[in-house]
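The values are calculated or read from the model by the stated rules, or taken from the named source; none is laboratory data. These numbers were taken from a predicted model, which means no experiment stands behind them. Cβ: placed from backbone, ideal geometry, glycine included. Neighbour counts: every protein chain shown.
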Amino acid sequence: MPRKPAAPVNAPAYWLMKTEPDLFSLDTLKAKGVAPWDGVRNFQARNHMREMVVGDVVFIHHSNAEPSGIAGLAIVMRIAYPDHTSWDPKSDYFDAKSTPDKPRWSMVDVAYHATFGRYLALPELREMPELADMILLQRPRLSVQPVGPRHAALLLRLGRPDRPAPASRP
DNA sequence: GCCAACGTTGGC
DNA sequence: GCCAACGTTGGC
C-alpha cells in the first residue's frame with residue numbers, strides 16, 4: 001500500500017477577511033501600509049488566522065457596506081500572535097477570559113497590496129454559479145475564511161487588481 | 001432598522 | 001453534556 005499523502009501541507013494560501021469600512025477599510029490599510037488584524041472574536045475565524053503564513057494572499061471584504069463586497073488584496077506579513085486588545089479593559093475587544101499569560105485570541109499583521117480595478121459587489125458574486133459554494137456566500141457570519149484556488153483565481157480575474165497577486169506558497 | 005443565521009453561555 | 005436563551009453578525 002502506498003502511504004497516504006501527507007496531511008494538508010498545502011493549507012489554503014488564499015484567505016478572505018471581513019471588515020466594516022466605516023471602522024477600518026482597505027483604504028485605511030493602504031494609508032497605514034501594514035496593520036495588525038485585531039478584534040477577531042470567533043474561534044473558527046481565529047483558528048484560520050493561526051493557519052496563515054507570511055506571503056498568503058488575503059481578499060479584503062467590506063461588510064455592512066453599500067453594497068458589501070470585495071475591495072482588494074492584502075498580504076500576510078506576520079503569523080498569528082496574541083491579540084493584546086483582548087486583555088485591555090479599555091478596548092472594545094476586551095475579553096475577561098484572555099490574559100497575557102493565557103491569551104485566548106490571535107491576530108496577524110497584513111500589508112496593503114492592491115485595490116481591485118472593479119469592486120466585487122456581493123449581489124454580483126451571488127449570480128455566479130462558480131462561486132455558489134464559496135464560504136462567503138454560504139456562511140455569512142464567518143469573518144476569516146479560506147478561499148479555494150479556483151475561487152481565488154476567478155476573483156482575481158474579476159477584480160483585475162492593478163498589481164498581480166504575488167506567487168504564493170506552493 | 002429588521003431579522004435570519006448561528007455562535008456562545010449557563011442552568012440543570 | 002444538552003439545549004434554551006441570549007447576543008452578535010451582517011445581508012438586505
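Which condition does A:Tyr93 not pass, out of (1) buried (at least 23 other Cβ atoms within 10 Å of the Cβ); (2) among the aromatic types (Phe, Trp, Tyr); (3) within 16 Å of DNA strand B (Cβ to nearest atom), if it passes all the others?
Looking at each condition in turn, A:Tyr93 falls short on (1).
Given the options A:Pro67, A:Pro123, name the one that is within 16 Å of DNA strand B (Cβ to nearest atom), within 16 Å of A:Leu26 (Cβ to Cβ) and surrounded by fewer than 21 Cβ atoms within 10 Å (Cβ to Cβ).
Residue meeting the stated conditions: A:Pro67.
Could you tell me which numbered condition A:Leu23 fails, if it satisfies all but one of (1) within 16 Å of DNA strand B (Cβ to nearest atom); (2) free of Cβ contacts under 8 Å to residues at least 60 places away in the same chain; (3) assigned to a helix (DSSP H, G or I)?
(3)
What number of residues in the range A:9-24 are surrounded by fewer than 17 Cβ atoms within 10 Å (Cβ to Cβ) and within 16 Å of DNA strand C (Cβ to nearest atom)?
3
Would you mind stating whether A:Pro129 is surrounded by fewer than 20 Cβ atoms within 10 Å (Cβ to Cβ), in contact with a His (Cβ under 9 Å, 6 or more places away or on another chain), modelled with pLDDT under 95 and over 19 Å from A:Glu20 (Cα atoms)?
No: the conditions fail for A:Pro129.
Tell me, please, whether a residue that is within 17 Å of A:His151 (Cβ to Cβ), modelled with pLDDT of 90 or more and in contact with a Ser or Thr (Cβ under 8 Å, 6 or more places away or on another chain) can be found in the range A:17-37.
yes
Look through A:Val53, A:Val76 and report the one residue that is part of a loop (DSSP other than H, G, I, E, B), among the aliphatic types (A, V, I, L, M) and away from DNA strand C (no atom under 16 Å from the Cβ).
Exactly one of A:Val53, A:Val76 is part of a loop (DSSP other than H, G, I, E, B), among the aliphatic types (A, V, I, L, M) and away from DNA strand C (no atom under 16 Å from the Cβ), namely A:Val53.
Here is a yes/no grid of residues against (1) modelled with pLDDT under 95; (2) in contact with a helix residue (DSSP H, G or I) (Cβ under 7 Å, 6 or more places away or on another chain):
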position	(1), (2)
A:Gln44	yes, no
A:Val58	no, no
A:Asn64	yes, no
A:Gly72	no, yes
A:Val76	no, no
A:Pro89	yes, no
A:Lys102	yes, no
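Test each condition in (1) within 20 Å of A:Lys18 (Cα to Cα); (2) assigned to a loop (DSSP other than H, G, I, E, B) for A:Thr99 and report the one that comes out false.
Of (1) within 20 Å of A:Lys18 (Cα to Cα); (2) assigned to a loop (DSSP other than H, G, I, E, B), only one is false for A:Thr99: (1).
If we keep just the residues of the range A:108-138 that are hydrophobic (A, V, I, L, M, F, W, C), in contact (Cβ under 8 Å) with a residue 40 or more places away in the chain and outside any strand (DSSP E or B), which is nearest to A:Ala153 (Cα to Cα)?
Ranking the qualifying residues of the range A:108-138, first place goes to A:Leu125.
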